[in-house]
Every structure is written in C-alpha cells, then in structure tokens.
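I have placed the structure first, in the form of structure tokens, so that the comments after it can refer back to it.
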Amino acid sequence: MATNVPVNSPTVLPQPKAGANTLHSTHDFGHMVLEKNLDIPLKDGQGVLRANLYKPKAPGRYPVLVTYGPYGKDIRYVDFHYPSFSEIPDEQKSEANSAWETPHPEYWTANGYAVLRVDERGIASSYGYLDTMSPQTAGDFYQVIEWAADQPWSTGRIGLLGISYYGGSQWRVAARKPKGLTCIVPWEGMTDYYRDRVRHGGIYSNEFIDYWWDNQVKPMQYGNGNKARRHFPPDWEGPLIGPECLEGSMNDEARNKMRCDQPKDNSEHRYLDEPYHDSRVYNLSDIEVPILSVANLGGILLHLRGNVVGYIEAGTKNKWLWFIAGRHDLPFYLPEHVKLQKSFLDAWLKDEDPDGWKLGPNAKIPAVNLLIRKGNPPYNTAEGDASFKSRVEKEWPLARTVYTPFYLTPEQTLSLSPSTKEGTFELEPLGKAKPIWFPFKFDKETEIAGHSTAKLVYSIKGAPGGTTPRDIDVFLTVRHIAPDGKEVLYTGTVGDPVPLAKGWLRGSLRKIDTTSPKNHEWLPYRQYRSTDVEYLKPDTKYELLVEIWPTAVVVEAGGQIVLEVATGDTQGSGIFGHTDPKDRSEADFGGINVLHVGGESGSWLKLPVV
C-alpha cells in the first residue's frame with residue numbers, strides 16, 4: 001500500500017484490501033464510541049467503502065441510521081460551513097463530530113441508535129471510481145444497508161435520515177429493497193435526477209451543477225491532497241479542507257481517470273432516453289418501506305418537486321408528506337423537527353409508537369401536514385419562518401381543490417373571464433427581454449395550495465439576417481404581492497429571497513405523454529426523449545403547457561398573484577441559473593418570442609384554489 005505519496009505523483013494508488021480495516025481506529029467520547037474507517041467491501045471488487053460508526057458505549061445491538069454521500073465523513077461541519085453550523089441549536093451539534101446535512105451522532109446515540117456515516121465510492125477515504133447520483137451510488141448504498149443489518153452491533157433494522165443529497169439517495173436505494181431497510185426520512189431530497197435537478201422543463205440548470213461539483217464534490221475525491229476552501233452564498237469562504245489521504249495522494253491526471261465529470265456529462269446528454277440519464281431512472285412505486293417525506297416550500301428550484309412527487313408516487317401505504325419553511329440546512333436540526341424525526345424513527349425501528357405512526361396515515365397522524373403561509377414576515381429569519389402555521393390534511397393534492405384558470409389579457413392582466421380581444425407581446429430571446437407581469441387582484445382572502453400549470457400560446461419570428469431560429473425557452477414565475485403593494489418574498493434554499501413558484505419549458509420538448517398514469521390535469525407528464533423533439537416553425541402558433549412547481553399560500557383581500565413571463569432567469573433563481581451557451585444557442589433560440597393572448601389563443605394560468 002502506498003503511503004505519503006507526493007500530491008503531484010502520477011501514481012494511481014493500489015486498491016486497498018477489502019475488509020482489512022487498515023485505517024481503523026477507535027475513539028471514546030464518554031457515552032459514545034466512534035469506530036473510524038471501518039471497511040465495507042463491495043461485491044464488484046472495484047472499491048472499498050469506509051465508514052465512521054458512532055454507537056452507544058453500552059454493549060448491545062441498536063437500530064442504525066445510515067448516511068451515504070460525497071461531502072466527506074471526516075469533514076467537520078464547523079469547517080464545511082461555519083455560518084450554518086453557528087445557527088444550529090447546541091444540543092444538535094459538536095465541533096468534533098457534526099457533519100454537513102447529516103444527523104448529529106451524539107444526540108442519536110444518546111437516544112439508543114447507532115449512526116453509520118459512509119463516504120461514497122471515490123470520495124474522501126473510500127477507494128474507487130467516483131460516479132455520483134448513478135446506479136453505482138444506489139447499488140453501493142444497497143450493499144451498505146445490507147452490511148449494516150448483519151453487524152453484531154445492529155438490530156438488523158436500518159433507517160435513513162439526512163438532508164439534500166443524503167435525502168435524495170434514500171428514494172433510489174429504497175426502490176431496490178435492501179434487506180434490513182425499515183423506513184426512510186428524505187428531508188428535502190429530490191426524486192428525479194433529470195426533472196428536479198439537471199434539466200428544468202428540459203432546460204439545463206448549469207450554474208448549480210457547476211457550483212455543486214466544483215465546490216462540494218470534486219475537492220473531496222479520494223487521493224486529492226490539495227486542500228480547498230468552500231464557498232457558500234452570500235459571501236462565506238471557509239478554511240482549507242479536503243480528504244485526509246491516509247493512503248497517499250494522486251495528481252490531477254490520475255484522479256481525472258478515476259471519476260465521471262457531472263457537469264460535462266449533463267452538458268453532453270440532453271434527453272432521458274440517452275443511456276446516461278436512462279440509467280438513473282427508477283420506479284418510486286417499488287418503494288415499500290414507510291416514508292416521511294419533508295418538503296420545503298422555499299426550495300422552488302431544487303428538491304421541493306421531488307419530495308411532493310415522491311410522496312404521490314411511492315408504492316408504500318405508509319407514507320406522510322410534511323411541508324416546512326426555512327433554509328435547506330437549518331430546519332432539520334430545530335427541536336420540533338428533531339422531535340418529529342425521533343417519533344417516526346422510534347415507531348418503525350424500536351416499536352415505540354405512542355403517536356400512532358404504525359396505525360397508518362389518517363388513523364392518528366394525518367397523511368399531510370400543510371404549511372399555511374400567510375402575511376409578509378421577513379425572509380431568512382427564524383421568527384419569520386416560524387410565523388407560518390401548520391394544518392393537517394388527509395391527502396395531496398387536496399381533494400377539494402378547484403383548478404381555476406386566470407386568462408392573460410391584451411391589457412397585461414389576469415382575468416377570470418377569457419378576453420374576446422386578441423393581443424401579442426414580443427419578447428427578445430435568451431433573457432434579453434424585460435419580464436412581462438400579468439397581475440390579478442383578489443377581492444377576498446383566497447388560499448392557493450397545490451400544483452399550478454400555465455397554457456401559453458407562442459410563435460417565433462425569424463431573426464434579422466435571414467437565420468431561422470427553431471426553439472424557445474419559457475421561464476415563468478408566480479409572484480405574491482401583499483395588499484400594501486410590496487412583494488412577499490420567502491426563504492430560499494440558501495437563505496436568498498424567493499417568490500412563490502417557478503416553472504420552465506423548452507418548446508421543442510413540449511410533447512406530453514397523455515397515456516401515462518403519471519399525467520394529470522395539474523401535473524403534465526413528459527418523457528423528454530430525443531424522439532419527442534419537435535422544433536418550432538417560424539410564424540406558427542404552438543400551445544405550450546408549462547408545469548409550475550407546487551406551492552401553498554394565502555392571499556389576503558387586496559393582495560395579488562402575478563404571472564411573470566420571461567425568456568431567461570429572473571429574480572429568485574439565485575445559484576440555479578440556466579445560462580449554458582451550448583444548451584441555449586443563438587442559432588436555435590435567437591428568434592423573437594411572440595406570446596399570444598385573448599381571443600382563440602386563450603393563454604391562461606391555472607391555480608389550485610382551495
């Protein structure tokens with residue numbers, strides 16, 4: 001085994017021997033013991049996973065909470081993102097053992113659980129080829145769960161609990177039904193790699209993919225001896241951190257050969273029928289274990305859609321949907337939410353169930369806990385987010401929803417009645433145009449909760465110089481204006497101000513699969529296949545039905561809902577921009593976008609009014 005290899009050495013480190021535990025060490029933290037760098041062998045023989053096991057000091061078998069991901073099991077939360085760490089309640093953190101987006105081991109071991117934190121293959125101390133969010137990820141995670149279920153410190157019952165990446169991976173592995181997996185709590189975890197994360201409405205969300213890869217994943221690759229700083233919005237820069245490289249390090253060329261490049265792969269692969277994307281497809285209906293899906297209404301560009309659709313499509317009869325507000329990193333650790341997690345996990349992993357989870361949804365615990373967002377509190381404050389109250393419901397979408405069309409008018413408003421008068425609005429393409437707002441003022445308090453859609457009629461004009469553009473990208477935003485005329489902004493994923501909802505669609509990928517059981521009036525289902533591509537002809541009208549991500553809000557009397565129509569990212573997009581020039585070329589998208597309203601066109605926004 002190579003040790004202390006210089007950073008610029010061309011050496012590809014030899015594969016560790018599976019199960020040898022050559023880096024294993026034990027650390028005593030009083031009531032808790034940490035076994036660091038336990039080896040978990042892989043069946044294909046092409047890698048070795050390494051895990052940190054936190055367990056109560058008292059001998060015995062314990063239910064196990066497992067996380068599997070790419071941010072480095074040994075990277076301290078305090079170093080990874082100090083501003084976030086500083087806001088977590090003291091009982092949910094420690095400088096020594098807390099890690100980004102994962103359960104706090106001291107709390108959970110004190111409550112009778114073992115916590116297993118595993119580096120993904122190719123990350124930090126786990127040797128092998130790195131391919132995040134892939135079949136390899138799900139397959140390895142499956143093996144981790146089955147391994148943990150068979151260990152002498154385990155009761156054989158495994159629960160999954162974690163945020164974001166550590167939430168999204170839960171859906172995929174649960175669909176594979178590993179032995180021992182008993183329940184999952186995907187906390188803000190997307191379900192659909194293509195639709196939720198990479199290509200919103202078919203449009204490449206390149207800015208977040210690049211940021212995530214370069215800032216959070218690539219620096220943590222196994223064998224990377226070059227420490228890096230983490231950058232988090234708005235302006236925090238952390239200390240130099242990276243893998244411990246206890247077995248040596250590799251140079252850039254060697255490490256490049258040991259990984260897939262997610263930004264490059266997503267730039268090159270546009271459609272779901274390409275092997276790259278098709279390999280990441282699975283069936284939510286295959287999930288049989290109990291689920292507590294926690295969806296953040298502020299996550300309007302990542303995770304929110306996945307948590308809601310995951311709840312809808314999961315096969316298990318024991319499933320609950322819980323809506324929250326706040327930044328994506330903080331609510332997970334707040335006392336009321338830790339209490340919720342513990343109640344659910346105790347029921348399924350320990351058979352301690354005073355709240356009645358095991359009786360099923362709507363017996364004692366309603367299936368849906370909806371957040372009622374009313375008023376205009378300040379965003380990104382604990383007080384503001386806590387001002388929203390919860391209401392229990394029996395299902396999602398709500399059965400009493402009235403899907404109400406609001407028609408776009410030539411006067412640039414929304415109306416409950418279609419206009420007989422026709423009109424057009426011309427927008428410069430590729431984000432060059434100023435967004436157009438279509439407002440509607442409510443004369444009485446109105447609740448909107450569920451899935452919105454918009455049917456917009458478009459055509460394109462030929463660009464100057466005789467070129468013939470053949471596509472358009474539609475960017476929609478639903479905004480909430482308070483009765484005093486001020487826009488209500490909510491806490492976004494990274495604490496930024498975000499509007500109610502967003503939706504997107506690439507015109508050439510407008511085809512809807514009306515035969516699919518996943519297709520609904522309130523949620524159009526698209527296959528996004530290369531064979532679905534239908535380019536637009538100049539000066540020809542096309543109806544584009546745009547999916548808008550789910551939301552929930554109470555509009556007070558005198559308040560307004562605004563449909564904002566644009567050709568590129570607008571306020572609220574933050575780090576989730578769609579600006580790749582290869583994906584959105586002048587040649588294909590350079591024509592004037594013409595929006596047709598009124599008359600036979602009948603463009604509308606359909607809202608889920610409760």
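Assorted remarks:
- Contour minus Cα-Cα distance for residue 286 and residue 516 (0.36 nm per residue): 81.1 nm
- Per-residue ellipticity at 222 nm computed for the chain from its helices equals -4000 deg cm²/dmol, with DSSP H segments shorter than 4 residues left out and the rest contributing -39,500 (n - 2.57).
- Share of Cα-Cα pairs in the stretch 402-609 lying beyond 25 Å, as whole percent: 38 percent
- Going from the fewest other Cβ atoms within 10 Å to the most, the residues 158, 575, 561 appear in the order 575, 561, 158.
- Straight-distance crosslink candidates among aspartates and glutamates, where the alpha carbon sits under 19 Å from residue 364 and sequence neighbours closer than 8 are dropped: 336, 346, 351, 352, 353, 355, 393, 395
- Sorting 417-423, 562-568 by their mean Cβ neighbour count within 10 Å, with the most densely packed peptide first, gives 562-568, 417-423.
- Considering all different alpha carbon pairs of the stretch 25-365, the Kirkwood hydrodynamic radius works out to 20.1 Å.
- In straight-distance terms, cross-link reach from residue 358 covers every one of the lysines whose alpha-carbon lies under 22 Å from its own, apart from those fewer than eight places away in the same chain; here that gives 177, 179, 317, 319, 339, 342, 350, 394.
- Taken over the Cα atoms of the chain, the convex hull encloses 150 Å³ per residue.
- Subtracting the Cα-Cα distance of residue 529 and residue 96 from 0.36 nm times their residue separation leaves 151.2 nm of extension gain.
- Protection proxy ranking, highest mean first, for peptides 235-243, 368-376: 368-376, 235-243, where packing is the per-residue count of other beta-carbon atoms within 10 Å, averaged.
- Spatially proximal lysines relative to residue 511 (Cα-Cα < 27 Å; intrachain offsets below 8 disregarded): 264, 432, 455, 461, 502, 537, 541, 582, 606
- The alpha carbons of the stretch 219-307 give a radius of gyration and a Dmax of 18.3, 44 Å, in that order.
- Percent of C-alpha pairs per 10 Å bin, the stretch 9-66, short to long: 21, 40, 27, 10, 2
- Sequence-separation-based contact order of the stretch 402-609, relative, with Cα cut under 8 Å and 6+ spacing, percent: 44 percent
- Span from the the stretch 332-373 Cα centroid across to the the stretch 520-551 one, whole angstrom: 38 Å
- Selected from 365, 170, 266, residue furthest toward positive end of dipole (the stretch 25-365; charges at beta carbon): 365
- Computed 3J(HN,Hα) for the stretch 519-526, one whole-Hz value per residue from the Karplus formula 6.51 cos²θ - 1.76 cosθ + 1.60 where θ = phi - 60°, is 8, 9, 4, 9, 8, x, 10, 10, glycine and proline marked x.
- Volume of the Cα convex hull of the stretch 54-182, divided per residue and given in Å³: 103 Å³
- For the peptides 442-452, 198-208, the ranking by mean Cβ contacts within 10 Å, running from highest to lowest, is 198-208, 442-452.
- Derived value for the stretch 326-485: Kirkwood hydrodynamic radius 20.7 Å. Basis is the mean of 1/r over every pair of different alpha-carbon atoms.
- Point-charge dipole on Cβ atoms (K/R +1, D/E -1) for the chain, about Cα centre, debye to 20: 900 debye
- Measuring nothing but how far apart in sequence close Cα pairs (under 8 Å, 6+ apart) lie, relative to its length, the chain scores a relative contact order of 15 percent.
- Cβ crowding within 10 Å ranks 493, 22 as 22, 493, fewest other Cβ atoms first.
- Contact order, relative form, for the stretch 195-318: 22 percent (alpha carbon pairs under 8 Å, 6 or more residues apart, mean separation divided by residue count).
Every number here is computed from the coordinates shown, using simple stated rules; none is lab data. Note that this is a predicted model, so its numbers are computed, not measured. Every residue, glycine among them, receives a Cβ derived from its backbone with ideal geometry; neighbour counts consider all protein chains shown.
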